[in-house]
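**Student:** Mind having a look at this structure? Questions to follow.
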Amino acid sequence: MRRSVALALTLALSIAASAHEKDDRAAAKSLAISARPHLNVIAPAPGFALRDSGGALVRLSDLRGKVVVVAFIYTSCTTVCPILGQQMASLQKRVNDDPLLRGRVMLLSVTVDPARDDAAVLASYAAKLGADPATWKFLRDSPEALTPVLGAYHEWTRTMPDGDLDHPARVYLIDADGQIREIYSLAFFDPRQALIDIRSLAK
Amino acid sequence: MKRILLASAVAAACAAGPLHSETCLSPYIKGLRAPEKVMYLWTLPVGEGPDYLSVIDVNVASPTYGKILKKVEVGSKGNEAHHMGYTDDRAKIWAASLNSNRFFIFEVGADPMNPKLVRTIDDVAKVTGLSGPHTPYAIPGRILVSMASGPDGTGPGGVAEFTNDGDFIASYKTNDHPYETVIKPEFNRMITSSWVSQKTFMSPLDKWDPKDLSNTIDVWDLKERKIIQTLKGDPVPLAARWALKANSTYGYTISNGGDALWQFRMNKDGKFTYRKAAELGKGCAPGDLRQSPDDKYLYVSCLGRGEVQAWDITTPDKPRLHDTVQGMVQANMMHVTFDGQRLYLTNSAISSIDYTPRYALRLIYNGPDGRMKLDPIFTADFTQAPNGPARPHDMLLN
């Protein structure tokens, strides 16, 4: 009997807690997105010229006039990168579905692990995520070409004991004039907010 | 049935979101996932001489465990070393000077045992229009700093934003004297707590003008960098902490002037309420507030009583005093390790109000039952610091 009462009590508390958490999540969902982002000029975006998975050179300076999103990733990452990949895919769809944005936005995923992420691996990864090369490119290059770019964006890498790579988890939003206007944490990246930010810069 | 339970458990784990950094740091900071090996302690000499970063061995396996290994001087004196903060990538430390309006940026990513001073920003009041920099707080690629007052050390302050490298981005004014900044990224909400102006906190306690004491916390829309609500409570709500669990809508502050623990909570309509949650005891004069990684306990240091209190917050609206530990006069700054098992403690507040010369760094063990025990052996005695007695304040671990 005592056990039944304890069980019922535990269950009741658990249901109450879960209802409370549901409310919390609902509140979070409604507040997480800001319709009026304050996007300061943070710094000039360091320039780069890196190869895409097809071997073509992509220069940041050639993308003036477009809003550019730069994410630093590696394909064997098992923590936040797979979620970010899905979120970037979602962002690509939202951009391509918007006639005012299509052709005015470029998403770039730059690998921090060029040794393992060769052109074929990146191309396969891009295909799995449904990347449309007109909107979303995956970049890599020789370590000689890539290392200074990673350095300019403060993207250090450290090999962990399990062979995984540790690196700063950031996504950069660059305006049509080549200025960094927002830096997102991969862990909290939300494509809905990124789209609002992009629209704000594309006006 | 088993399969359903397993699926629910996996969903809950995923919904819990990313792992946090140490409980007292910005959630954007890369977390330390192993026992600490080194402590950086922002230190000011009691007598003449430059402020410095103490590098302390906290690796239990080391023969120099608990020893001050070196000090990295900042090249100027009278700064009033106070609070510090990591950048989001944990590569740099920003150390703020309460009195001289300077920032010192130390590189610690490349060689954690050997921090290097890489930049000093001298003219913060001129650049930002604000003074009395208190706590540097990381957001992606940038640092926010709560600044107590206007450029001349009086009047309301604000929040200043810089790149991680130290380039100024913008300032945002408030109507009070900001003390700390804490962010809940899931809600796009930031809370700033408050205290007094720079001119006041650099004066002896008997010269503090009661009219200068702030009693407000501000709720910000972080993306808009805009205050959306101001909440009034007891005077001087110093440290503020959000509950750590993803999507938690509540958190706490300590009122130094009211000897009380306050709770802020966001309601379903997005509006916040702010209420006294517990009395800390007359004369506590709380100095710092920290939390356990599982949201079960809050730790409050009592500057006035030389005591650390552990509050059980498993029922968040009804905090309950769970344990206390004595033995450290003027207990003030605390730092809880990533696993919640250890709590480091220092005992200098500000040179203008310190009432003891017995400066030290101590260690408290937090048991699985939430009981605390002061380590009788681990002591870094700052009365015997290199080049003379010094005041230890804020700490970071690596």
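The values are calculated or read from the model by the stated rules, or taken from the named source; none is laboratory data. What you are looking at is a predicted structure, and each value in this text was computed from that prediction instead of being measured. Reconstructed Cβ throughout: ideal geometry from the backbone, glycine too, with neighbour counts over all protein chains shown.
**Student:** List the helices (runs of 4 or more DSSP H) that sit entirely inside the range A:97-203 and contain at least 1 residues that are touching a residue at least 24 places away in the same chain (Cβ under 8 Å) and within 14 Å of chain B (Cβ to nearest Cβ).
**Tutor:** Ranges flagged: A:143-152, A:191-202.
**Student:** Just to be sure before I move on: is A:Ala115 loosely packed, with under 15 Cβ neighbours inside 10 Å and more than 25 Å from A:Ser200 (Cβ to Cβ) in the structure I sent? Can you show your working first?
**Tutor:** Values: loosely packed, with under 15 Cβ neighbours inside 10 Å: yes; more than 25 Å from A:Ser200 (Cβ to Cβ): yes.
For A:Ala115, the condition - loosely packed, with under 15 Cβ neighbours inside 10 Å and more than 25 Å from A:Ser200 (Cβ to Cβ) - is met.
**Student:** Quick check on the range B:164-182: of everything there that is of a type in the set (D, E, K, R) and assigned to a strand (DSSP E or B), which residue is farthest from B:Thr154 (Cα to Cα)?
**Tutor:** The extreme case among them is B:Glu180.
Listed here are the residues, each with its yes/no results for (1) within 14 Å of another protein chain (Cβ to nearest Cβ); (2) farther than 21 Å from B:Val55 by Cβ; (3) part of a loop (DSSP other than H, G, I, E, B); (4) not small (Gly, Ala, Ser).
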| residue | (1), (2), (3), (4) |
| --- | --- |
| B:Ile105 | yes, no, no, yes |
| B:Gly109 | yes, no, yes, no |
| B:Pro136 | no, no, no, yes |
| B:Ile143 | yes, yes, no, yes |
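**Student:** Would you point out which residue out of B:Ala349, B:Ala331, B:Ala310, B:Ala360 is crowded, with 16+ Cβ neighbours inside 10 Å and out of contact with any Ser or Thr (no Cβ under 9 Å at 6 or more places or on another chain)?
**Tutor:** Result of the check over B:Ala349, B:Ala331, B:Ala310, B:Ala360: B:Ala349.
**Student:** B:Tyr355 versus (1) surrounded by fewer than 19 Cβ atoms within 10 Å (Cβ to Cβ); (2) touching an Asp or Glu at 6+ places or on another chain (Cβ under 8 Å); (3) aromatic (Phe, Trp, Tyr); (4) at pLDDT below 95: which is the lone unmet condition?
**Tutor:** Single failed check for B:Tyr355: (2).
**Student:** Something else: Taking the criterion of being of a type outside the set (Gly, Ala, Ser), at pLDDT 95 or above and surrounded by fewer than 14 Cβ atoms within 10 Å (Cβ to Cβ), would at least one residue in the range A:12-26 satisfy it?
**Tutor:** No, the range A:12-26 has no match at all.
**Student:** Of the numbered conditions (1) out of contact with any helix residue (DSSP H, G or I) (no Cβ under 8 Å at 6 or more places or on another chain); (2) over 26 Å from A:Glu182 (Cβ atoms); (3) touching a residue at least 60 places away in the same chain (Cβ under 8 Å); (4) not charged (D, E, K, R), B:Tyr137 fails exactly one; give the number of that condition.
**Tutor:** So B:Tyr137 meets the others, but not (2).
**Student:** Out of (1) more than 25 Å from A:Leu165 (Cα to Cα); (2) in contact with an Asp or Glu (Cβ under 6 Å, 6 or more places away or on another chain), what's the single condition that is false for A:Tyr74?
**Tutor:** Against the list (1) more than 25 Å from A:Leu165 (Cα to Cα); (2) in contact with an Asp or Glu (Cβ under 6 Å, 6 or more places away or on another chain), A:Tyr74 comes up short only on (1).
**Student:** Can you find, within the range B:43-71, the residue that is surrounded by the fewest Cβ atoms within 10 Å (Cβ to Cβ) among those that are β-branched (Val, Ile, Thr) and assigned to a loop (DSSP other than H, G, I, E, B)? Talk me through it step by step, then tell me what you get.
**Tutor:** Let us first name the residues in the range B:43-71 that are β-branched (Val, Ile, Thr), namely B:43, B:46, B:55-56, B:58, B:60, B:64, B:68.
Then keep just the ones that are assigned to a loop (DSSP other than H, G, I, E, B); that gives B:46, B:58, B:60, B:64.
Numbers: B:Val46: 17, B:Val58: 23, B:Val60: 12, B:Thr64: 10.
Checking each candidate, the answer is B:Thr64.
**Student:** Hey, another quick one. Just need a number here: residues in the range B:111-134 that are in a strand (DSSP E or B), under 26 Å from B:Leu69 (Cβ atoms) and not charged (D, E, K, R).
**Tutor:** Within the range B:111-134, residues that are in a strand (DSSP E or B), under 26 Å from B:Leu69 (Cβ atoms) and not charged (D, E, K, R) number 3.
Let's see how each residue does on (1) surrounded by fewer than 20 Cβ atoms within 10 Å (Cβ to Cβ); (2) touching a residue at least 12 places away in the same chain (Cβ under 8 Å); (3) in contact with a Ser or Thr (Cβ under 6 Å, 6 or more places away or on another chain):
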{"position": "B:Lys223", "(1), (2), (3)": "no, yes, yes"}
{"position": "B:Leu231", "(1), (2), (3)": "yes, yes, no"}
{"position": "B:Pro235", "(1), (2), (3)": "yes, yes, no"}
{"position": "B:Ala239", "(1), (2), (3)": "no, yes, no"}
{"position": "B:Ala243", "(1), (2), (3)": "no, yes, no"}
{"position": "B:Thr253", "(1), (2), (3)": "no, yes, yes"}
{"position": "B:Asn256", "(1), (2), (3)": "no, yes, no"}
{"position": "B:Ala260", "(1), (2), (3)": "no, yes, no"}
{"position": "B:Phe264", "(1), (2), (3)": "no, yes, no"}
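**Student:** Please state which of the following conditions B:Asp295 fails to meet, knowing it meets all the rest: (1) under 24 Å from B:Pro210 (Cα atoms); (2) under 21 Å from the mean Cα position of the chain (by Cα).
**Tutor:** (1)
**Student:** Sort through B:Lys282, B:Lys276, B:Lys271 and tell me the only one that's away from chain A (no Cβ under 14 Å), touching a residue at least 24 places away in the same chain (Cβ under 8 Å) and over 18 Å from the mean Cα position of the chain (by Cα).
**Tutor:** Matching residue, one of B:Lys282, B:Lys276, B:Lys271: B:Lys276.
**Student:** Taking the range B:20-42, which residues are surrounded by 19 or more Cβ atoms within 10 Å (Cβ to Cβ) and more than 12 Å from chain A (Cβ to nearest Cβ)?
**Tutor:** Passing the criteria: B:Glu22, B:Thr23, B:Cys24, B:Leu25, B:Glu36, B:Val38, B:Met39, B:Tyr40, B:Leu41, B:Trp42.
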